[in-house]
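Reviewing the structure listed below.
The values are calculated or read from the model by the stated rules, or taken from the named source; none is laboratory data. Bear in mind the structure is a predicted one, so any value in this text is a computation, not a measurement. All Cβ positions, glycine included, derive from the backbone under ideal geometry; neighbour counts span all protein chains shown. With ligands, DNA and RNA removed, areas are computed over all heavy atoms of the protein, side chains included. Shrake-Rupley method; radii C 1.70, N 1.55, O 1.52, S 1.80 Å.
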Amino acid sequence: LTCLTEHRRAVVLEITVLGSYIRYERGMRYARQRVRIARVGPCSCGRASDRFADAGWGRAGWRTVTGSCAGCAADRMSISFPGFARLAGERLTVSAAPGTAAAAPPRPEAGGTVPELVAEAALLQARLDWFQSELAKVIDRDEP
C-alpha cells in the first residue's frame, strides 16, 4: 500500500478482529476490531518520524495528522507517539520506520484536498449513473 505515491504518507494499521463481518469494496468491517499497532513512515524530509503533526488540511470537525520529525513539526500542533498511544489506550503501539536521510531540507507537501475532491467527484458520478439507470427503469415501466 505505501509503495503507491498517493499512499506514501499513510499510516499502516495492524488490527485484531473478532466476530461477523461485512465486506465492502475496499475492505471489511468486523463486529469487533481493535487497532494494535500503527506503523508510521518517515517524515517528508526523510528523517524518522517521532510524532503526529497537523497536516494542514482536513474536514470540518476533524484534524488530519501525519507522521513528522520534531524539526518539521516545530511550528505545527503535534503530539508524540507515546502521548498518542497513551490517549488511544488499549495497548496501542506506534512504531516508526527508520529515516532515509540524515538532515534533508523539508519539502512542501501537497494540501491533499485535490485528491480528496477527485474521490468525492468520482463517488458522486457513480451514484448519479446508478440513479439515472434506476430512473430509466421506472420510466420504461410506466410508458404504455
Quiz prompt | Amide H within-cut-off set for Val65, under 5 Å, with H built and near neighbours excluded | solution = Ala55
Quiz item: Counting each DSSP H run of 4 or more residues in the chain as -39500 (n - 2.57), what helix-only mean residue ellipticity at 222 nm follows after dividing by all residues, to the nearest 500 deg cm²/dmol?
Solution: -9000 deg cm²/dmol
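Which is the longest run of the chain containing none of the chymotrypsin sites (Phe, Trp or Tyr not before Pro) found in DSSP loop states (not H, G, I, E, B) with at most 16 other C-beta atoms within 10 Å? Spell out each step's value before the answer.
On the way: sites that count: Trp57, Trp62.
Between exposed loop sites, the widest span is 63-144.
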Practice problem: With label points built 7 Å along Cα→Cβ from the Cα atoms of Leu128 and Met28, find their separation and express it in nm. | Solution: 3.5
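Any idea of the accessible area per residue across the stretch 32-85, 1.4 Å probe, to the nearest Å²?
Working: 2830 Å² over 54 residues.
Here the per-residue accessible area is 52 Å².
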Quiz item: D for the chain, whole µm²/s, Stokes-Einstein with Kirkwood Rh over alpha-carbon pairs at 25 °C and 0.890 mPa s: what number?
Solution: 134
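Within 10 Å of each candidate Cβ there may be at most 11 other Cβ atoms; applying that plus a DSSP loop requirement, which GluC sites (Glu not before Pro) in the stretch 1-101 survive? Before the final figure, lay out each step's value.
Values: sites: Glu6, Glu14, Glu25, Glu90; in loops: Glu25, Glu90.
Qualifying residues, ordered by number: Glu25, Glu90.
For the chain, what relative contact order do you get, as a whole percent, if you take Cα pairs closer than 8 Å and at least 6 residues apart?
Values: 207 pairs, mean separation 30.9, N = 144.
Normalised by residue count, the contact order of the chain is 21 percent.
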Quiz item: Relative to the first principal axis of the alpha-carbon coordinates of the chain, what is the inclination of helix 113-142, with its axis defined by its Cα atoms, in degrees from 0 to 90 and to the nearest 10?
Solution: 10
Quiz item: In cubic angstrom, how much convex hull volume per residue do the alpha carbon atoms of the stretch 7-84 span?
Solution: 124
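Are there trypsin sites (Lys or Arg not before Pro) in the stretch 2-57 that DSSP puts in a loop and that have at most 15 other Cβ atoms within 10 Å, and which ones? The partial results should precede the final answer.
Values: sites: Arg8, Arg9, Arg23, Arg26, Arg29, Arg32, Arg34, Arg36, Arg39, Arg47, Arg51; in loops: Arg8, Arg9, Arg26, Arg47.
Those that pass, being in a loop and sparsely packed, are Arg8, Arg26.
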